[in-house]
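**Student:** Below is the structure I would like to discuss, written out as structure tokens.
The values are calculated or read from the model by the stated rules, or taken from the named source; none is laboratory data. These numbers were taken from a predicted model, which means no experiment stands behind them. Using ideal geometry, Cβ is built from the backbone for each residue, glycine included, and neighbour counts are taken over all protein chains shown.
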Amino acid sequence: MTAKDLPKPLPCESAEVQLELTDGTLPLSLGIEVPGGRVQPVLARGVRAPHRHTELYSTADPFQMAAEFHIVMGERPLCRDNLDVARVRVRNVKWSGAGVPKIEIAFAIDKNGLLSISTTNKDKKSTEMLAHVAAPVITAADVEAALADAEAHGDEDEQHRKNIDMMLSGYYLLDQGYERFSIAKRRMGLIRKRAYKSTRNRLQKALNVMPPEATEATMAELESALDAYRAFYESLETDYKMVMSWWNKK
């Protein structure tokens, strides 16, 4: 479903979904979609009601005028494979760079299984929230079907989780490598600087393939690019330490 096919969200103070609790506990894990189409867990299956939990989020792109959050329920690692619960949009977010605005999302489950999702724009005096609830009621039959689906695709999902872990390792190493390179480059020649940038660009290109579209070939390239970048990162250690030592003596 494309963005233009989605129902128009309506202004509200909270989005509400009625759950059929399992012995007083959350029947399925609750998560939110993050870049790449993967699910970031928010509440684990089995959490006892009543329960309230908050998470702090920000924007993925610079100068966004609004931020949208897609909430799902299920046990699978990719958003597309779980139950669509709601989409929440916060308007009038802080006009700033990516990662600067602060938006708090609260997830509250009462003893009767009513899930309420609300937001707080931490940078403004008031919050403009809109929501579309895709599943006003999640029944025991929905839960049973979701659990059966997760079991049937266990091997596939395990591979997705491994792919996601490798991608997250790549993002982390890129950040660490850039920090080390920004110091070590003061002792590096032009050829070595170009070699670093080439290795970095290769890893960035490999990471452009999102988890839902990953194949055996793209993951093999990512693993190779990750190994090459890690080796270059480790080779920067001597230059990094020498520059830091020189700075500390000044």
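**Student:** Could you tell me which residue of segment 62-99 is nearest to LEU147 (Cα to Cα), considering only residues that are among the acidic types (Asp, Glu) and not in a loop (DSSP other than H, G, I, E, B)?
**Tutor:** Result: ASP81.
**Student:** Quick one: which residue in ARG194, ARG187 is without any contact (Cβ under 8 Å) to a residue 12 or more places away in the chain, of a type in the set (Lys, Arg) and farther than 19 Å from GLU221 by Cβ?
**Tutor:** After applying the criteria, what remains is ARG194.
**Student:** In this structure, does ARG186 turn out to be in a helix (DSSP H, G or I) and more than 28 Å from MET73 (Cβ to Cβ)?
**Tutor:** yes
**Student:** Can you name the residue in segment 94-113 that is under 27 Å from PRO27 (Cα atoms) and among the small types (Gly, Ala, Ser) and is also surrounded by the most Cβ atoms within 10 Å (Cβ to Cβ) among such residues?
**Tutor:** GLY113
**Student:** Could you go through segment 91-102 and let me know if any residue there is in contact with a Lys or Arg (Cβ under 9 Å, 6 or more places away or on another chain) and among the β-branched types (Val, Ile, Thr). Talk me through it step by step, then tell me what you get.
**Tutor:** Step one: list which residues in segment 91-102 are in contact with a Lys or Arg (Cβ under 9 Å, 6 or more places away or on another chain), which gives 92-94, 100-102.
Restricting the remaining residues to those that are among the β-branched types (Val, Ile, Thr) gives 93, 100.
Looking for residues that are in contact with a Lys or Arg (Cβ under 9 Å, 6 or more places away or on another chain) and among the β-branched types (Val, Ile, Thr), one finds at least one in segment 91-102, hence yes.
**Student:** Does ILE191 satisfy the criteria of being at pLDDT 95 or above, more than 22 Å from the chain's Cα centre (by Cα) and closer than 17 Å to LEU19 by Cα?
**Tutor:** Criteria not met by ILE191.
**Student:** How many of the residues making up segment 17-37 are assigned to a strand (DSSP E or B) and over 21 Å from VAL90 (Cα atoms)?
**Tutor:** Adding up the residues that qualify gives 4.
**Student:** Still on this structure: Take the residues in segment 106-130 that are modelled with pLDDT of 95 or more and among the small types (Gly, Ala, Ser); name whichever of them is farthest from the chain's Cα centre (by Cα).
**Tutor:** Restricting to residues being modelled with pLDDT of 95 or more and among the small types (Gly, Ala, Ser), the top hit is GLY113.
Residue by residue, here is whether (1) farther than 22 Å from THR127 by Cα; (2) without any contact (Cβ under 8 Å) to a residue 40 or more places away in the chain holds:
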site	(1), (2)
PRO9	no, no
GLU13	no, no
VAL34	no, yes
PRO50	yes, no
THR59	no, no
PHE63	no, yes
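**Student:** Quick test for you: out of GLU33, GLU68, pick the one residue that is surrounded by 15 or more Cβ atoms within 10 Å (Cβ to Cβ), in contact with a helix residue (DSSP H, G or I) (Cβ under 8 Å, 6 or more places away or on another chain) and of a type in the set (Asp, Glu).
**Tutor:** Answer to the check: GLU33.
**Student:** Let me ask something else. If you check ALA134, ALA150, which single one turns out to be touching a Pro at 6+ places or on another chain (Cβ under 9 Å), surrounded by 15 or more Cβ atoms within 10 Å (Cβ to Cβ) and touching a residue at least 24 places away in the same chain (Cβ under 8 Å)?
**Tutor:** That would be ALA134, the only listed residue that is touching a Pro at 6+ places or on another chain (Cβ under 9 Å), surrounded by 15 or more Cβ atoms within 10 Å (Cβ to Cβ) and touching a residue at least 24 places away in the same chain (Cβ under 8 Å).
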